[in-house]
Amino acid sequence: MKTYLGELEELVLLTVTTLGDNAYGVSIQQELESRCGRNISIGALHSTITRLEEKGLLTSWVGGATAERGGRSKRFYDITQAGKITLTETKQLRDQLWDLSKVKLASR
Amino acid sequence: MKSSPPKLAQKLFDWYCGLAKVDDLRGDLDEMFFHHAKTRSITHARYIYWNQVFSLMFSYAIRKRKRNAQPGAYASNNISFSMIKNYLKVALRNLYQYRYFTLLNVFGLAIGMSISLLLISMYGYVSTSDNFHDNGDNIYTIISKRSEGFEERHFASSPIVLANRLSDEFSQAKEVVRINSSFGGEVIRERENIPIHGYFADHNFITVFSFPTLSGNTRIALSKPNSIVLTESTARKLFGSIDVIGKTIELKDQGTYEINAVLKDYPKNTHFRFEALVSYVSLPAIQNPNIEQWTEYRDQYIYVLLNDGEHTNNLETYLRQLEKDVYNNSTVKVNFDLLPLDQIITSDVYNALGPKWETSGFVVFGVIALLILLPACFNYTNISIARALKRSKEIGLRKTMGSGKSQLFLQFITETVVICLISLLGACVLFILIRGEFQSMMVEASVLDLSITLKTAILFIVFALVTGLMAGLFPALYFAGLNPIEALKSKVSYRAFSGMGIRKALTIFQFALSFCFILSLIVFGRQYRTLINFDFGFQKENIVTVDLQEVKPELVKAEFSKLSVVQSISLSSGSPGLSASRAWIHSVEKDSVEVSQLFIDSDFLKNLKLQLIAGKNFPETSSSDERFMIVNEEFLINNKIAPEDALDKVFLVDKQELQIIGVVKNFYYAPPQIPIGNFIFRNNASAFTQANVLVDASDVFGTFTAMENSWQKLSNNAKLEAAFYQDELNESYEVYRLLLKMAGFLGLLAISISILGLLGMVVYTAETRVKEVSIRKVLGASAFGITLLLSKDYLKLLGWSIAIGILLAIAIYETVFTKIPDYHANLTVLDIVVGALVLIALGLTTITSQTYKTALSNPADTLKSE
């Protein structure tokens with residue numbers, strides 16, 4: 001079955017991969033804010049993450065506690081194999097569309 | 001770093017998430033807060049924190065996590081049938097295991113619920129009132145609210161001219177039915193006459209109301225003059241069969257009626273009460289000369305059947321207009337109002353057609369039922385919580401294994417509901433036992449149908465469930481809220497006893513209430529005894545009063561005097577002590593005064609041993625023209641006449657000049673609660689209605705047979721109606737006897753409930769302190785000392801409740817009893833002492849029966865088991 005990705009889902013998935021071992025709630029949110037200029041609430045972010053987990057594109061585990069979080073643990077996220085395939089498929093689809101598209105950007 | 005995230009937001013978040021695992025989210029929130037706190041102001045950071053909390057609370061993430069959340073490994077959030085089955089099983093096992101307490105609770109609740117069942121079944125009866133009429137929804141009766149000056153009275157009846165106006169002028173009314181309830185008399189029969197009563201009714205009575213016909217044509221029957229419709233049972237009573245169409249019955253002084261139809265016996269749940277219906281046209285016009293007037297209300301009822309779907313507004317406007325036209329120039333103002341058929345029986349109106357059960361009566365009864373029910377519920381609550389210690393381990397374990405609050409709550413509520421349903425069975429048995437007695441106490445006893453129907457059965461069960469919820473709510477909440485660690489360590493006992501204050505207060509209140517009941521029993525009892533032995537100032541023993549009926553007084557006197565058992569005989573118009581008729585008396589020069597009067601013959605004073613203190617008796621031969629009267633002392637005092645010149649004074653009584661020939665010593669001519677006032681004896685043979693026969697009481701049966709035989713010679717179709725005077729007097733105190741019975745019964749219930757509650761508490765204490773007692777015994781304490789030690793707390797409670805009970809009783813006595821005008825018995829110190837002694841004796845027996853048993857237990861048996 002083909003899995004479709006929403007725009008925000010795609011962004012979150014890509015951000016998780018760029019963050020590598022340090023992908024958890026706050027770091028993902030800050031990365032999204034600094035790199036994409038998207039200021040999204042923590043509720044929206046976790047909803048997206050939850051949906052990605054349901055689709056089997058993300059996996060998570062509970063990490064150690066840190067003092068600055070009031071002794072609470074972090075939940076880290078990583079992309080799954082299915083996630084990688086979906087991302088690649090999405091990119092290929094976009095590339096095909098770009099190639100066919102009449103839009104020629106000035107920089108090209 | 002002093003700043004911390006807003007506590008309230010954290011609490012809100014934790015509460016909202018409940019059991020869901022959100023540790024990482026809380027971490028994220030806090031981390032962000034501290035990050036913001038460094039870069040921005042604290043207030044701003046807090047604002048962001050709140051924002052984020054809300055965004056999370058409404059997010060899909062939390063919803064998903066909550067859905068997956070489970071309180072424990074074996075827990076499940078949905079209530080399934082098997083779970084409820086399990087609750088039931090556990091409840092039954094628990095109830096069986098603690099049989100003794102279950103028995104106590106069941107007894108207490110059954111007693112408490114029995115009175116409420118009476119109320120419910122009464123309500124069930126009243127609420128189905130007149131629900132069998134096909135047109136019931138469109139039938140209204142017109143009631144009259146009459147006001148004259150400050151006096152206002154609501155009549156169920158209304159002027160009959162209104163009916164005529166309505167059927168002429170108001171076209172939206174489909175039918176107008178006139179009913180006059182004054183039909184009644186004695187059906188003349190060969191051997192003895194049979195009384196009958198019923199209504200004069202219009203011919204459409206049968207079509208408007210649904211009283212099914214058995215045979216005959218009711219339409220004709222109620223249109224023709226002097227034609228009558230009987231009910232099935234009346235026909236059987238009069239003729240022994242229901243095949244009576246075409247026969248005639250003759251009523252004494254009223255002529256004959258032809259039977260044209262027979263009705264089936266109608267159900268009891270109606271406000272109509274009749275044995276026969278007579279066509280309205282046969283209503284004797286002379287019976288009441290002003291029956292056509294707008295100011296005559298008595299015994300006349302109007303029912304209106306409106307067209308289907310017709311609103312009452314039009315009729316009301318019409319009535320308003322009519323009132324204005326009719327009562328424009330009169331001092332009496334009348335408002336006509338509509339009353340739907342099914343509300344007639346509960347409305348508080350004067351001169352009602354049939355029995356009525358006012359809502360106010362229900363409220364009073366409801367309060368009494370609650371006063372009995374609530375202590376019983378409270379006992380259950382009390383005993384359950386007190387036993388928390390025993391069950392805390394079970395609760396702790398359940399919680400540790402993952403049982404949620406709501407599940408524990410459900411489990412305990414189930415237990416209570418099961419107990420209440422068992423109690424309902426007991427209550428039903430009690431209900432059936434007291435039902436007959438209760439019915440006989442009510443005035444309208446014959447019409448009250450308290451049999452258990454499907455509706456009342458359902459109401460009973462609903463009531464039991466509600467009672468269960470009421471009694472079980474507090475313990476269930478308490479158990480569900482226990483901390484599992486404390487519960488497992490058996491530390492809850494301290495917390496359970498923190499509620500001791502309330503529990504003590506409630507126990508005290510229960511016993512205070514019981515104390516009041518005991519006191520009222522004592523006071524009512526004395527009141528009744530005083531009345532029974534009341535000295536009226538005349539002889540009431542061994543006197544038989546004989547109703548003269550239609551027989552000539554002189555004949556009766558002559559015939560009865562021949563009997564050997566009769567010592568003396570006199571004639572009178574009534575019996576003193578029961579009632580006396582009133583008249584206006586004028587002195588020649590002064591204004592009129594009201595007096596009570598009794599017509600007697602010359603033997604009466606001697607017969608009843610009334611004492612003449614001046615003057616002489618009436619002359620032996622009574623003539624039809626009255627000339628003399630005998631007055632009482634009070635009459636002289638009130639009219640300021642000196643006893644020596646009282647004789648021969650002339651007064652005008654009922655337009656006759658009467659001369660005082662004697663003065664009689666004061667005596668109670670009316671019931672003892674009415675003070676002695678002006679009283680005269682008159683001598684007029686035409687007013688005599690009864691013979692007072694002084695008999696030899698040693699052979700009651702022989703006396704009555706002899707009198708019966710002489711009576712047969714005098715009258716051929718009437719039965720001898722004779723009764724002992726003293727019995728008649730005692731009967732007039734029936735209301736006190738009923739009060740005595742009621743107070744006694746309610747008191748019994750209240751006391752049993754309190755005793756059961758106390759017993760439960762004492763048993764519990766004795767059980768929990770059994771080890772302590774054993775150690776004390778080993779160390780040398782005496783059985784008496786231990787009994788005292790265990791009973792001390794409860795004795796204190798008893799003391800308090802008596803103290804409060806005394807205050808309560810005095811308050812009730814002052815506010816209620818002194819307002820009853822005819823109240824004689826006083827609340828004395830002796831009553832209080834006796835009441836207190838009874839209560840102490842009962843309480844002491846209960847307490848010591850348990851504590852002494854514990855004190856006697858063998859320490860070796862109880863101590864070795866640990």
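The values are calculated or read from the model by the stated rules, or taken from the named source; none is laboratory data. Only a predicted model underlies this, so the values are computations on that prediction, with no experimental measurement involved. Virtual Cβ from ideal backbone geometry, glycine too; neighbours counted across all protein chains shown.
Test of understanding: among B:Arg435, B:Arg391, which residue is in contact with a Leu (Cβ under 6 Å, 6 or more places away or on another chain) and of a type in the set (Lys, Arg)?
Every option except B:Arg435 fails the conditions.
Determine the pairs where a residue that is on the phi > 0 side of the Ramachandran plot, located within the range B:523-541, has a partner that is in a helix (DSSP H, G or I) with Cβ atoms under 7 Å apart, the partner being 6 or more residues away or on another chain.
Matching pairs, first to second residue: none at all.
With in a helix (DSSP H, G or I), free of Cβ contacts under 8 Å to residues at least 40 places away in the same chain and more than 14 Å from chain A (Cβ to nearest Cβ) as the only criterion, which of B:Tyr87, B:Tyr100, B:Tyr96 stands out?
B:Tyr96
Just checking, does the range A:1-24 include any residue being exposed (fewer than 13 other Cβ atoms within 10 Å of the Cβ) and touching a residue at least 60 places away in the same chain (Cβ under 8 Å)?
yes
Residues of the range B:256-271 being polar (S, T, N, Q) and either buried (at least 18 other Cβ atoms within 10 Å of the Cβ) or under 30 Å from B:Val126 (Cβ atoms) (or both), which ones?
Within the range B:256-271, B:Asn260, B:Asn269, B:Thr270 meet the criteria.
So, B:Asn138, is that one surrounded by fewer than 23 Cβ atoms within 10 Å (Cβ to Cβ), within 22 Å of B:Glu275 (Cα to Cα) and of a type outside the set (A, V, I, L, M) or not?
No: the conditions fail for B:Asn138.
Scanning the range B:13-42 for residues that are closer than 18 Å to B:Asn68 by Cβ and in a helix (DSSP H, G or I), which turns out nearest to the other protein chains (Cβ to nearest Cβ)?
It comes out as B:Asp24.
Kindly state which helices (runs of 4 or more DSSP H) lie completely within the range B:185-263 and contain at least 2 residues that are under 38 Å from the mean Cα position of the chain (by Cα) and more than 20 Å from B:Phe132 (Cα to Cα). Write out each step before concluding.
On the way: elements: B:205-208, B:218-221, B:232-239.
Because the criterion is at least 2 residues that are under 38 Å from the mean Cα position of the chain (by Cα) and more than 20 Å from B:Phe132 (Cα to Cα), the helices (runs of 4 or more DSSP H) in the range B:185-263 that meet it are B:232-239.
Which residue pairs have Cβ atoms under 6 Å apart, sit 6 or more places apart or on different chains, and have a first residue in the range B:616-644 that is assigned to a helix (DSSP H, G or I) and a second that is at pLDDT 80 or above and exposed (fewer than 13 other Cβ atoms within 10 Å of the Cβ)?
none
Can you pull out the residues in the range B:43-63 that are within 59 Å of the chain's Cα centre (by Cα) and more than 10 Å from every other protein chain (Cβ to nearest Cβ)?
none
Could you check how many residues of the range A:60-106 are charged (D, E, K, R) and away from chain B (no Cβ under 14 Å)?
Qualifying residue count, the range A:60-106: 9.
B:Thr862 versus (1) over 30 Å from B:Ala369 (Cα atoms); (2) of a type in the set (S, T, N, Q); (3) touching a Phe, Trp or Tyr at 6+ places or on another chain (Cβ under 8 Å): which is the lone unmet condition?
(3)
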